[in-house]
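The values are calculated or read from the model by the stated rules, or taken from the named source; none is laboratory data. Please read these numbers as outputs of a predicted model, since none were measured by experiment. Using ideal geometry, Cβ is built from the backbone for each residue, glycine included, and neighbour counts are taken over all protein chains shown.
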Amino acid sequence: MSDGGGENVKEGENNLNHLHSKKSRSRADDFGLSIAKVAVAQICEAAGFQGFQRTALDTLSDVAVRHILEIGKTGNMFANLAGRSQSNVFDIIQGLEDLGSIQGFSGASDVHHCLLGSGTVREMVRYVGEAEEIPFAYSLPGFPVLKEREPGRTFEQTGGSPPAEHIPPWLPVFPDPETYVNLHKIDEKMAQIWEDEVGGPVEKRRELDKTFANLQQRMACNGTQPSVEVDFGNEAKEKGLVERNPFLTPPLQHGEKEVSLVLPPAKLSDEVFLQSANLEVPVSHISAMETFAPGIEAVKSGTFDFEDGRKKVPLNGRPNVRFKLGGGKRCLRVAISSQNQGIDKNSTWFGNDDGMDDKKRRVEQILKPSYESAGTDSLVN
Amino acid sequence: MNATSQQQGQGQQQHPNIEGRHDDDAALSEFLASLMDYTPTIPDELVEHYLAKSGFQCPDVRLVRLVAVATQKFIADVATDALQQCKARQSAVIKDKREKQQKDKRLILTMEDLSRALHEHGVNVKHQEYFADSPSAGLDPVSRDE
């Protein structure tokens, strides 16, 4: 039982594995294998067989597939040996000689013979001349079918130049600014306040402030929109938690995004208010913004991811979500409460800032008129 | 090519070698051209798929046909050998039992014949004889008791 070469051992082993495999296991190659089975059955029928054992047919078709793979592999190897990447007829003939060396062919002992006159080729010529032509039983589409992927619009394609030098033009374009930016005149005023009173690095806070204000704006405006109030705010108060019918809501303005309204639980809000009044926690502005950072990031990404690992809630018009921002030390109330309880609760926006009362009041004064007008203004400039 | 490099000292034989090469060349190109008329049983799409899978790159359709014909020839050889085995077994059976002549006319490809035929071509296939549901199945009752 000596084997003729490494290839045979591999084929034998793989045949063994194939025989032991269950029929129910579907492999990725099933389509090609089933086509090979049909072709092999046709060849055997032409040879004289009238019936097949199923396992015998499976084995022979597997051997045929491996034969094709082996010719391809050796052809590629001979091409690479010659320093080429594309194979030609001589590579195939050398591969066939390798495979045929087990059975033997005429002229195999002549090592330096020309490949064109190889015994394998002559045998194949003889076979083609003698055997009758048996076309395949079915018509096949080209496979595997490749899915065409649409390339994204690049900067080059749209004709514009990328906004910064470090961005290469072959990258896809950025999304429209209206989809993610919601600048309001509040931002400049707030930044002004921080600069004047607090000093220090404003740049880092500026971006967070803007997004923070966006967050508040969206949630407040969603609450102060007259139609939404009618549907949602009053009814929620009257009937408790009512599921809002998504088909009856008014359409969003251009660029608006639906954000679920957040109602902190009443019990928690009272406790927090008492705590914030009593405790003196030194708060730095940056740390306050940092605690809001997850909320800001969530607004940017469109979902909320709670700190204690609760599941994400997508911000697309769901009913009220109750959640708690921050840890136990400092509970920050989001400005959504302004929807229900007016603007007085603005004082708790920035946490327990006893030393910041002056600035807070100034912020309130500036924000009051803008919030009163927010109900009439649209969200987008 | 290789032939000429090995026969440097024999200048007289170079001419027929060159001519022989030309003949071989012509024969091969004729053969490849004839392949386009002959449709192998193994479809081109299947062969192209598996050649691409193995890393074989060639845009020429004639080479794909060449590989298809080579594989078809291989399978046909194996099938012929298996058929001979099957017929030999049937004739042996008929020899023993002359009453039932040609009881089984159908020629069926079995694993046993196939494994013998493939062994001639270098493929070792081992097939399970039977599957038992317990280690003591089929044993004599005496040994089973022990």
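Some notes on this structure:
- Answer residue from region B:92-128, given it is farther than 30 Å from residue A:99 by Cβ and modelled with pLDDT of 75 or more and is farthest from the other protein chains (Cβ to nearest Cβ) among those: B:92
- Residues that are more than 7 Å from every other protein chain (Cβ to nearest Cβ) and within 15 Å of residue A:69 (Cβ to Cβ) were ranked within region B:40-90; the one that is surrounded by the fewest Cβ atoms within 10 Å (Cβ to Cβ) is B:52.
- Single residue of region A:43-56 satisfying the filter (part of a helix (DSSP H, G or I) and within 7 Å of chain B (Cβ to nearest Cβ)) that is surrounded by the fewest Cβ atoms within 10 Å (Cβ to Cβ): A:55
- Whether a residue is more than 7 Å from chain B (Cβ to nearest Cβ), surrounded by 20 or more Cβ atoms within 10 Å (Cβ to Cβ) and either at pLDDT 90 or above or touching a His at 6+ places or on another chain (Cβ under 8 Å) (or both) was assessed, and residue A:59 does not pass this test.
- Condition check for residue A:29: at pLDDT below 90, within 40 Å of the chain's Cα centre (by Cα) and within 22 Å of residue B:58 (Cβ to Cβ): yes
- Cβ pairs under 6 Å, 6+ apart, first in region A:26-42 and more than 10 Å from every other protein chain (Cβ to nearest Cβ), second modelled with pLDDT of 90 or more: A:37/A:57; A:37/A:61
- Selection within region A:62-79 - facing chain B (nearest Cβ under 9 Å) and over 23 Å from residue A:117 (Cα atoms): A:63, A:64, A:65, A:66, A:69
- For region B:20-50, the set of residues classified as within 15 Å of residue B:72 (Cα to Cα), part of a helix (DSSP H, G or I) and modelled with pLDDT of 85 or more consists of B:44, B:45, B:46, B:47, B:48, B:50, listed by residue number.
- For region A:109-120, taking the residues that are modelled with pLDDT under 85 and within 54 Å of the chain's Cα centre (by Cα), the one that is nearest to the other protein chains (Cβ to nearest Cβ) is identified as A:116.
- Selection status of residue B:85, closer than 24 Å to residue A:57 by Cα, modelled with pLDDT under 90 and not basic (Lys, Arg): no
- Options A:106, A:101, A:85: the member that is of a type in the set (Ser, Thr, Tyr) and at the interface with another protein chain (Cβ under 8 Å from one of its Cβ atoms): A:85
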